[in-house]
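One structure is given below, encoded as structure tokens.
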Amino acid sequence: MSAIDDLATELSKLPGIGRKTALRLTYHLLKQSKEQSRRLAESLLTLSDRVRPCERCFNLTEDPLCSICRDPRRDQSLVCVVEEPSDIGAIERAGEFRGVYHVLGGRLAPLDGVGPEDLNVVALVGRVSNGSVREVIVATNPSLEGEATAVFIQRELMRIATDDGPGTLVVTRIARGLPVGGDLEYADGASIAQALSARRTM
Ligand SMILES: [Zn+2]
């Protein structure tokens, strides 16, 4: 396989990039200076070397704890559960939420072989079971799989709530203001803010 084919194949694995676009990008990269290509290659390496999941919430960070978990002004007793780190960016852009997050790392998708053990659920239960969390807002996407994941999370959390007696933990789900089947990541700030404030108990 040629170097051109190699790079085009790698690029076409990225979301939204088909074979044709991958080839176009490859030829574009060939036109730029060697120095520029080197910088691109180096930032890709640095990215995978430095960026890792936050030890508490699984957000992406270059430190043991992400900037949100480290921020003393954030309400640690209010935890918003999302599918992917990119969802945090979308909610933060809405600018209303003052709690902290928990990234599942995906959603339940039995057809794609994604089961509960593939998501950061045990860590979530661990965070909640010490009693310092008063509310968990489940902000998985408004898709069938996102809804099924929300129900699963709620059941897991209610199990610890009942194990410890009548706990004070409340599990809420963001409102349905968001387009069904849509992606939180692409929703506008106003819709996200509205969906958060109109959340309901599960
Ligand atoms: Zn964190």
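Val114 meets the conditions (1) touching a Lys or Arg at 6+ places or on another chain (Cβ under 9 Å); (2) under 18 Å from Val171 (Cα atoms); (3) open to solvent by 30 Å² or more (accessible area, probe 1.4 Å); (4) free of Cβ contacts under 8 Å to residues at least 60 places away in the same chain in every case but one. The failed one is (2).
Flag set for Ser129, criterion: among the small types (Gly, Ala, Ser), open to solvent by 20 Å² or more (accessible area, probe 1.4 Å) and under 21 Å from Leu169 (Cβ atoms). Leu7 meets the conditions (1) more than 16 Å from the ligand (Cβ to nearest atom); (2) in contact (Cβ under 8 Å) with a residue 12 or more places away in the chain; (3) under 28 Å from Asn141 (Cβ atoms) in every case but one. The failed one is (3). Among the residues of region 184-200, those identified as open to solvent by 50 Å² or more (accessible area, probe 1.4 Å) and more than 13 Å from Gly95 (Cβ to Cβ) are Glu185, Tyr186, Arg199, Arg200. In region 53-73, the residues that are more than 12 Å from Leu104 (Cα to Cα) form Cβ pairs under 7 Å with partners that are open to solvent by 100 Å² or more (accessible area, probe 1.4 Å) and near the ligand (Cβ under 8 Å from one of its atoms), at six or more places apart or across chains, as follows: Pro64/Glu55; Leu65/Glu55.
Residue count for region 106-147, restricted to those that are farther than 26 Å from Ser191 by Cα and hydroxyl-bearing (Ser, Thr, Tyr): 2.
Scanning region 134-150 for residues that are assigned to a loop (DSSP other than H, G, I, E, B) and either within 13 Å of the chain's Cα centre (by Cα) or small (Gly, Ala, Ser) (or both) yields Ala139, Thr140, Asn141, Ser143. Quick one: in region 13-64, of everything that is open to solvent by less than 70 Å² (accessible area, probe 1.4 Å) and hydroxyl-bearing (Ser, Thr, Tyr), which residue is nearest to Glu83 (Cα to Cα)? Filtering first and then ranking leaves Thr61.
Applying the criterion of being within 18 Å of the chain's Cα centre (by Cα) and of a type in the set (Asp, Glu) to the residues of region 40-70, the residue that is nearest to the ligand (Cβ to nearest atom) is Glu55. The set of residues from region 76-101 being away from the ligand (no atom under 14 Å from the Cβ) and part of a helix (DSSP H, G or I) comprises Ser86, Ala90, Arg93, Ala94.
Among the candidates Arg73, Arg107, the residue that is crowded, with 18+ Cβ neighbours inside 10 Å, part of a loop (DSSP other than H, G, I, E, B) and away from the ligand (no atom under 13 Å from the Cβ) is uniquely Arg107.
The values are calculated or read from the model by the stated rules, or taken from the named source; none is laboratory data. It should be emphasised that the depicted structure is a prediction, and the values quoted were computed from it without experimental measurement. Cβ: placed from backbone, ideal geometry, glycine included. Neighbour counts: every protein chain shown. When the accessible area is computed, the model is the full protein with side chains, heavy atoms only, and any ligands, DNA or RNA have been set aside. Shrake-Rupley method; radii C 1.70, N 1.55, O 1.52, S 1.80 Å.
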